[in-house]
Ligand code: ADP
């Protein structure tokens, strides 16, 4: 983004020409856009769950009605879900600001890739696992050990697993995880048989707030921050992520973690 300044050049009170000054304001525009997005995120994304929580609690507090226990249970489960949603938003938001300010610190420890993958699969919320199968292939001979921040690796994997199931219309959702390694990296790929991503969107899915289909994503509870965080976490590990996808067939996201991340901690 550029701002064009036009100014006159005068000599002894006489205009002898004019000049143009081109100012690059890309950074300013980006920051403004981020702020605008955060504001619309706050108003839209927080308002809905807060309104629902308020309604449910007000209902439960009415002492002129004797609610059925099942009804109370249902309302409270809804409240819990809404609170979890707000919690997710706040956490994502905090991670984004850490990435933005370059303070996403990681605590690398020696971890076993196969274990961390299995643990992340176990953490997928049961509702998302309905009509879905996970296959995990460990193609590494010997140990698949690397240095990374375990919590962050699980966060990245869980994010990819969730997306693989969310953006998926298949009657039976299939997610395949393959663990490999080469000289430099521990490589984890996550493939799905979901809706895929059109080539024209693929570059931008790692941008904050970018969503291919805003209404569909909102419905499924997304904020457009997940992959931006994933990328930030991979960069903090001096690793990388890449994606291959084709519409209606599915997507493969591949993570590359350097083996020797010991001295990576910034
Ligand atoms: P969110 O899921 O919260 O919208 P993400 O940053 O995780 O945000 O993803 C950005 C967008 O990329 C999603 O809105 C979706 O359109 C697309 N996307 C991500 N993962 C997949 C996937 N496995 N298959 C198809 N589309 C995907």
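The values are calculated or read from the model by the stated rules, or taken from the named source; none is laboratory data. A quick note: this is a predicted structure, and the numbers were derived from the prediction, not measured. Glycine also receives a Cβ, built like all others from the backbone with ideal geometry; neighbour counts cover every protein chain displayed.
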Kindly indicate whether residue 212 is at pLDDT below 90, within 30 Å of residue 108 (Cα to Cα) and either near the ligand (Cβ under 9 Å from one of its atoms) or in a loop (DSSP other than H, G, I, E, B) (or both).
no
What single numbered condition from (1) buried (at least 19 other Cβ atoms within 10 Å of the Cβ); (2) more than 8 Å from the ligand (Cβ to nearest atom) fails to hold for residue 228?
(2)
Residue pairs within 7 Å by beta carbon, gap of at least six or interchain, first lying in region 217-237 and within 17 Å of residue 207 (Cβ to Cβ) and at pLDDT 85 or above, second within 6 Å of the ligand (Cβ to nearest atom) and assigned to a loop (DSSP other than H, G, I, E, B), listed first then second, are 227/205
Could you check residue 248 against (1) on the phi < 0 side of the Ramachandran plot; (2) modelled with pLDDT under 95 and say which number it fails?
(1)
Quick one: residue 80 ticks every box in (1) out of contact with any helix residue (DSSP H, G or I) (no Cβ under 6 Å at 6 or more places or on another chain); (2) surrounded by 15 or more Cβ atoms within 10 Å (Cβ to Cβ); (3) over 29 Å from residue 185 (Cα atoms) bar one, so which box is it?
(2)
